[in-house]
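Each remark here refers to the structure printed beneath this line.
Values quoted throughout were computed directly from the atomic coordinates according to the rules given, and no laboratory measurement underlies them. Bear in mind the structure is a predicted one, so any value in this text is a computation, not a measurement. Positions of Cβ are backbone-derived with ideal geometry, glycine not excepted, and every protein chain shown enters the neighbour counts.
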Amino acid sequence: MSSASADPVAALAALRAEAEARIRSAVGREALQQLKTEYLGRKAGRVTAVLKTLPSLDPEARRVVGQAANDAKAAIERLLEEADAARVALEGGTAGRDLTMPARYAWRGAIHPVTLVIDEICAIFAELGFSRYVGPEAETERNNFTALNFPPEHPALDMHDTFYLGEGKLLRTHTSPLQIRVMETYQPPIRVTMPGMCYRRDAFDASHAPVFSQVEALAVDEGITFVDLKASLSYFARRFFGRETRVRFRPSFFPFTEPSADMEVECRICHGSGCPACKNTGWMEILGSGMVDPNVFVNVGIDPEKYTGWAFGMGPHRMALLRYGIPDIRMLYDADVRLHDQFVDAV
C-alpha cells in the first residue's frame, strides 16, 4: 500500500497540488469543465471519493480527513472559478459563444473603377501639359447649347433629351460647357482636361446610362492642326490600353467642332469578335473629337484667324468597361461590394 493511500490527508494535499497545476495550464472552457468533473464530480470525482470514505473512519480521523477534504474541495472550486474568469476576460466576454465560427468580413473602402479611370486619363494628359478644371453641373442653356454653336432646332434641345430646371437652367448634357467657361476665363495657349457628371434622358442598357461621367479636353494655340489631335489621342489610347492597341477614327459631326471624328478602340472584352458591350461590332467608341469650330471662338471672344484648337469628350464608364473587362455598364451603378472589393488595393 502506498504512503498516499495510508495517509488520506497527505493524499488530499497531493491531489490539491496536482489539480492546481492542471487548472493553471488548462485552455478553454471545455478543458476546465473536464477538470471540474474529474476532481469534484458527484459520482466519480476524486475529492468526492475521499469524502465517501469518511463514514468508515473513527471520529477523530473523520474530523481531520473531512476538514482536509473540504479545504481541498473549496480550493479547487476557487481555482476553477478564477481560471474561468480569466478565460472570459481573455476572450473578450465571449463565454457561451461558438469561437470556431468564421469571423465577419471586415469591408474595406475602395476607389470606384470609374474614378480610377478618370484620374488616369487626367494623369496621362498631364504628361502632355494639360491642367485639370471642374465646373457646375447645373448649367445655362447658353453655355450648354448656344455658345457651342447648337442651332435652335437641334434635337438635343428637346425636352425628351435634356433635364431642364427652369429659368434658363438645365443639367448639363455633356462637359463641353466647360470649354466655354475656360475660354472666357483664360487666354490662349490653353491645355486643360475637364472631368464631370452629365445627365441625359437615355435608356439604361449595357453601354448607356442616364447619369454618367465625361472627361472633356481642350487645346487652343496658334498653329494647332487635326494632326495634333490624332497624334495626342493615339498616344493616349496606347498609354491607357497598351502599345499594341488598335485605334481608328471615323468621320462624325458635332455642332462645336469642324471637322469632327469619333475615335474607337478594339473592344477589350471580346477582342474584336463582337459582344453586347460593343453591339457586336468588335469596336467600342470611346470619344468624340474635332477641331474647335470658328463660331465657338467668336462666341467666347477668341480670334479664330489667329488661334485654332481641338477638343474631345470621353466616357470614363465605357473606358472602365474596356480596361477591367466589365461586360455591362449597369454593374458600375449597382454598388455591389463584391465588384468594388476587387479595387481595394488599386492605386
Gain on full stretching of the segment that runs from T115 to H271 - 0.36 nm per residue minus C-alpha separation: 53.7 nm
Can you list the cysteines of the chain that have no other Cys Cβ under 4.7 Å away? C122, C198
Projected label distance in nm at E184 and Q67, using a 7 Å step from Cα toward the beta-carbon: 10.4 nm
Rounded to 0.05, the calculated FRET efficiency for the beta carbons of N295 and R330 at R₀ = 45 Å is 0.75
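Using per-residue counts of other Cβ atoms within 10 Å, averaged over each peptide, order 32-45, 287-300 from highest down.
The densest-packed peptide leads the list: 287-300, 32-45.
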Apply the Karplus curve 6.51 cos²θ - 1.76 cosθ + 1.60, θ = phi - 60°, to the phi angles in segment 19-31 and return the couplings in whole Hz, x for Gly and Pro. 4, 4, 5, 6, 5, 5, 9, 6, 10, x, 5, 5, 5
Around P189, with a cut-off of 9 angstrom between Cβ atoms, what is the net charge of the other residues, counting Lys and Arg +1 and Asp and Glu -1? -1
Chain lengthening between V134 and E20 when straightened (0.36 nm per residue, less Cα-Cα): 33.8 nm
Using 0.36 nm per residue of separation minus the Cα-Cα distance, give me the extension gain between E38 and V337 in nm, one decimal. 102.5 nm
What is the angle, in °, between the Cα long axis of helix 226-241 and the longest principal axis of the Cα atoms in the chain? Nearest 10 is fine, range 0 to 90. 10 degrees
Interchain or long-range residues, amide H under 5 Å from S252's placed H: S260, A261, D262
Which whole-number percent gives the relative contact order of the chain, counting Cα pairs below 8 Å spaced six or more residues apart? 15 percent
